[in-house]
Amino acid sequence: MGLSACDAQAERWRKVSVLPMHIVPDSVLRERAKRVSNISPSIQKLIDDMIETMRDSHGVGLAANQVGVLQRVIVIQLPDDEEPRVFINPELIKQEGERDVEEGCLSIPGYRGLVKRSVKVKAKGLDRKGKAVRVNADELLAQALEHEIDHLNGTLYIDRLVDRTKLWKEEAEEAPQNQEEREETPVEAQYTG
Ligand code: NI
């Protein structure tokens with residue numbers, strides 16, 4: 001008994017893989033990802049693998065560049081989300097206000113920094129079925145959308161540090177200069193993506 005070619009292909013697509021994380025200074029992190037023109041089975045597989053990779057790394061978000069793929073796909077799962085959010089060709093259409101927030105990046109392991117982000121954003125894109133979606137976001141979701149869409153444009157959070165001293169090693173024994181600010185941020189609201 002054998003699988004038909006079609007079943008075999010479907011079987012292969014159901015298998016989800018944790019993909020290797022690309023870390024700095026990998027040049028793929030500095031390139032601009034291309035728009036997805038066809039939401040093909042290989043894009044669906046990429047999405048599934050990205051979700052698995054994000055969860056495996058305990059990240060809140062992940063962009064395709066981070067797994068070495070230059071396609072405009074991001075995935076986000078906030079601590080309270082039951083399902084991951086998928087955005088294909090996401091775009092920020094409005095960014096309002098300014099705040100300093102702590103974040104980390106799965107592609108810059110072991111470090112965290114204090115960065116400038118918007119208070120509120122509006123974004124649009126496609127879901128994994130190709131349906132147009134719009135989202136009004138604040139707090140962690142706004143930060144996630146900005147961080148991940150930045151990745152698609154080859155931008156990293158270290159480009160947006162409040163100042164150069166506001167980058168520290170995660171397990172630093174010495175308190176960073178912004179210790180007070182850090183203590184104001186509850187752990188569940190801290191971003192890594
Ligand atoms: Ni990141």
Qualifying residue in the stretch 26-42 (condition: touching a strand residue (DSSP E or B) at 6+ places or on another chain (Cβ under 8 Å), on the phi < 0 side of the Ramachandran plot, modelled with pLDDT of 95 or more and among the β-branched types (Val, Ile, Thr)): yes
Considering every residue within the stretch 84-91, establish whether at least one is of a type in the set (Val, Ile, Thr) and within 30 Å of Thr165 (Cα to Cα). no
Among the residues of the stretch 153-169, how many are within 11 Å of the ligand (Cβ to nearest atom) and of a type in the set (A, V, I, L, M)? 2
Please determine whether any residue of the stretch 21-41 is of a type in the set (S, T, N, Q), in a loop (DSSP other than H, G, I, E, B) and under 21 Å from Leu156 (Cβ atoms). no
Suppose we filter Gly97, Gly130, Gly68 for residues that are modelled with pLDDT of 95 or more, touching a Pro at 6+ places or on another chain (Cβ under 8 Å), on the phi > 0 side of the Ramachandran plot and of a type in the set (Gly, Ala, Ser); which single one remains? Gly68
Would it be correct to say that Gly97 is of a type in the set (Gly, Ala, Ser) and closer than 26 Å to Lys15 by Cβ? no
Residues in the stretch 103-111: is at least one within 15 Å of the chain's Cα centre (by Cα), over 17 Å from Ile51 (Cα atoms), among the β-branched types (Val, Ile, Thr) and within 14 Å of the ligand (Cβ to nearest atom)? yes
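The values are calculated or read from the model by the stated rules, or taken from the named source; none is laboratory data. In this text the structure is predicted, and so the values were computed from the model without any measurement. So basically every Cβ, Gly included, is an ideal-geometry build from the backbone, and we count neighbours across all protein chains shown.
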